[in-house]
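The values are calculated or read from the model by the stated rules, or taken from the named source; none is laboratory data. Everything numeric in this text was worked out from a predicted model, so none of it was measured. In this analysis, Cβ positions are derived from the backbone assuming ideal geometry, glycine residues included, and neighbour counts consider all displayed protein chains.
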Amino acid sequence: MASLTDFRRVADGVRNWGRWGAADELGTLNFITPAKVSAAAGLVRHGKVFPLGIDFGSNGPQGAFQFRQNPVHVMTVDGGDARTLVEYGPKWLSNTVGQELSSFFDGAQNPFRFNDDMIIMPLQAATQWDALSHVYYEDKLYNGFPADSVTSLGAFHCGIDKVDSKGITSRGVLLDLVRHRKADTYLAPGAPITPEELDEVVAAQGVTVGSGDIVLIHTGWQARYLETGDRGESYSGLDWLCAPWLHEREVAAVAADNLMVEDPTSGVDGTFLPMHMLCLRDMGLMLGEYWDLTALAADCAADGAYEFQLVAPPLRVIGAVGSPINPIAIK
Ligand code: UVW
């Protein structure tokens with residue numbers, strides 16, 4: 001088990017603060033150049049589209065933490081409202097807009113009807129990006145921004161709204177740990193994925209990982225969840241020392257099909273989620289969680305092509321420390 005001294009030494013080695021200027025809030029997304037985006041588009045050869053978002057609903061995997069709930073979907077207008085408006089509309093909706101609206105429902109002559117809905121959810125539920133302001137330590141965010149610049153008003157620095165200029169789109173590379181380990185559905189807990197193992201997978205798949213790539217780690221957790229329904233099921237994820245591996249290759253972002261990308265066992269005595277701290281706060285590298293990689297992994301295994309165009313734009317929620325997404329891989 002490493003110590004906090006070891007952790008600080010690694011952090012010093014991967015820290016990107018100032019690399020793209022003192023005002024930078026994009027972090028490793030800076031590695032995604034126009035040439036990279038253009039080359040990634042060239043990976044689309046068959047028109048095969050893989051949506052990587054899981055279901056956003058009450059059947060989702062949240063619940064292991066009491067402070068995070070699954071998305072709640074609420075209908076706010078439905079057919080019953082149309083009947084109410086036909087019968088009571090002019091009295092019910094007393095303002096001008098309401099009066100006009102109610103005239104749309106004035107009986108059988110007008111066929112127009114509509115439904116509306118809303119969703120209530122933690123931005124960290126379901127498929128998501130962690131913004132760079134999501135995790136910090138020693139009172140500093142990425143690039144040295146003060147941690148107290150995140151308040152109840154939102155993240156003044158490093159919010160998810162700061163990265164929309166990058167798309168986010170690039171070359172995606174899937175590393176299939178389930179296939180590599182010949183695992184039964186998923187990576188059971190107790191065997192964190194090491195940097196050496198990532199090298200083995202890269203070599204076995206005959207793929208490269210380089211500057212500006214977005215790396216997707218297939219651990220099988222999502223498939224396992226759909227089998228068992230166990231929201232708290234533990235797993236193996238990336239060892240914290242995979243952060244330097246990503247740093248050396250100038251990877252732009254990393255995502256996985258599990259809760260935290262990294263292994264739930266810390267690997268550093270005296271702290272929790274050391275890879276989150278290194279990636280988000282020191283490197284400025286965003287993490288994607290709960291991505292559904294099952295169908296994409298099966299296709300990659302079938303055709304041997306582990307690279308594709310990846311399109312994963314966050315919502316521009318101003319000052320948010322994360323965003324729900326429905327990323328798309330295109331081959
Ligand atoms: C935390 O880091 C607290 O959560 P997540 O795994 O969603 O990034």
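Suppose we keep only residues that are assigned to a strand (DSSP E or B) and touching a Ser or Thr at 6+ places or on another chain (Cβ under 7 Å) within region 310-331. Which one would you say is farthest from the ligand (Cβ to nearest atom)?
Filtering first and then ranking leaves Val311.
Got at least one residue in region 203-213 being free of Cβ contacts under 8 Å to residues at least 60 places away in the same chain and within 16 Å of the ligand (Cβ to nearest atom)?
No, every residue in region 203-213 fails to be free of Cβ contacts under 8 Å to residues at least 60 places away in the same chain and within 16 Å of the ligand (Cβ to nearest atom).
Please go through (1) more than 12 Å from Ile193 (Cβ to Cβ); (2) surrounded by 24 or more Cβ atoms within 10 Å (Cβ to Cβ); (3) away from the ligand (no atom under 15 Å from the Cβ) for His218 and return the number of the only condition it doesn't satisfy.
(1)
Conditions (1) within 16 Å of the ligand (Cβ to nearest atom); (2) part of a loop (DSSP other than H, G, I, E, B); (3) surrounded by 12 or more Cβ atoms within 10 Å (Cβ to Cβ), marked per residue:
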site	(1), (2), (3)
Asn16	no, yes, yes
Ala23	no, yes, no
Asn30	no, no, yes
Ala35	no, no, no
Ala40	no, no, yes
Phe50	no, no, yes
Gly57	no, yes, yes
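Restricting to region 124-139, name every residue that is more than 11 Å from the ligand (Cβ to nearest atom) and in contact with an Asp or Glu (Cβ under 8 Å, 6 or more places away or on another chain).
Thr127, Leu132, Asp139
Would you point out the residue of region 257-285, among those that are outside any helix (DSSP H, G or I) and within 10 Å of the ligand (Cβ to nearest atom), that is surrounded by the fewest Cβ atoms within 10 Å (Cβ to Cβ)?
Checking each candidate, the answer is Phe272.
Being assigned to a helix (DSSP H, G or I) and of a type outside the set (S, T, N, Q) is the filter; apply it to region 286-298 and report the residue that is farthest from Pro327 (Cα to Cα).
Ala298
What do you reckon, is Leu241 buried (at least 22 other Cβ atoms within 10 Å of the Cβ) and assigned by TED's automatic domain parsing to the domain that holds Ala41?
In short, no.
Quick one: which of Ala183, Ala191 is in a loop (DSSP other than H, G, I, E, B), assigned by TED's automatic domain parsing to the domain that holds Leu259 and farther than 29 Å from Ile330 by Cα?
Result: Ala191 is the single residue among Ala183, Ala191 that is in a loop (DSSP other than H, G, I, E, B), assigned by TED's automatic domain parsing to the domain that holds Leu259 and farther than 29 Å from Ile330 by Cα.
Give the residues of region 266-303 that are among the β-branched types (Val, Ile, Thr) and within 19 Å of Val178 (Cβ to Cβ), sorted by residue number.
Within region 266-303, Thr294 is the sole residue that qualifies.
If the Cβ limit is 6 Å and pairs must be 6+ apart or interchain, which residue in region 120-143 that is free of Cβ contacts under 8 Å to residues at least 24 places away in the same chain pairs with which residue that is of a type outside the set (Asp, Glu) and away from the ligand (no atom under 14 Å from the Cβ)?
Once the first residue is free of Cβ contacts under 8 Å to residues at least 24 places away in the same chain and sits in region 120-143, its partners that are of a type outside the set (Asp, Glu) and away from the ligand (no atom under 14 Å from the Cβ) give Asp139/Ala147.
Answer yes if at least one residue in region 240-261 is out of contact with any Asp or Glu (no Cβ under 8 Å at 6 or more places or on another chain) and modelled with pLDDT under 95, and no otherwise.
no
Looking at region 233-250, is at least one residue of a type in the set (D, E, K, R), touching a residue at least 12 places away in the same chain (Cβ under 8 Å) and not in a loop (DSSP other than H, G, I, E, B)? If you could, list the steps in order and put the result at the bottom.
First pass over region 233-250, keeping only residues of a type in the set (D, E, K, R): 233, 239, 248-250.
Going one step further and asking which of them are touching a residue at least 12 places away in the same chain (Cβ under 8 Å), we end up with 233, 239, 249-250.
Right, trim to not in a loop (DSSP other than H, G, I, E, B) and you get none.
Within region 233-250 (the criterion being of a type in the set (D, E, K, R), touching a residue at least 12 places away in the same chain (Cβ under 8 Å) and not in a loop (DSSP other than H, G, I, E, B)), the answer is no, since none of the residues qualifies.
Among the listed residues Ser170, Ser152, Ser165, identify the single one that is touching a residue at least 60 places away in the same chain (Cβ under 8 Å), surrounded by fewer than 16 Cβ atoms within 10 Å (Cβ to Cβ) and polar (S, T, N, Q). Full working, then the answer.
Numbers: Ser170 fails: surrounded by fewer than 16 Cβ atoms within 10 Å (Cβ to Cβ); Ser152 fails: touching a residue at least 60 places away in the same chain (Cβ under 8 Å).
The conditions single out Ser165.
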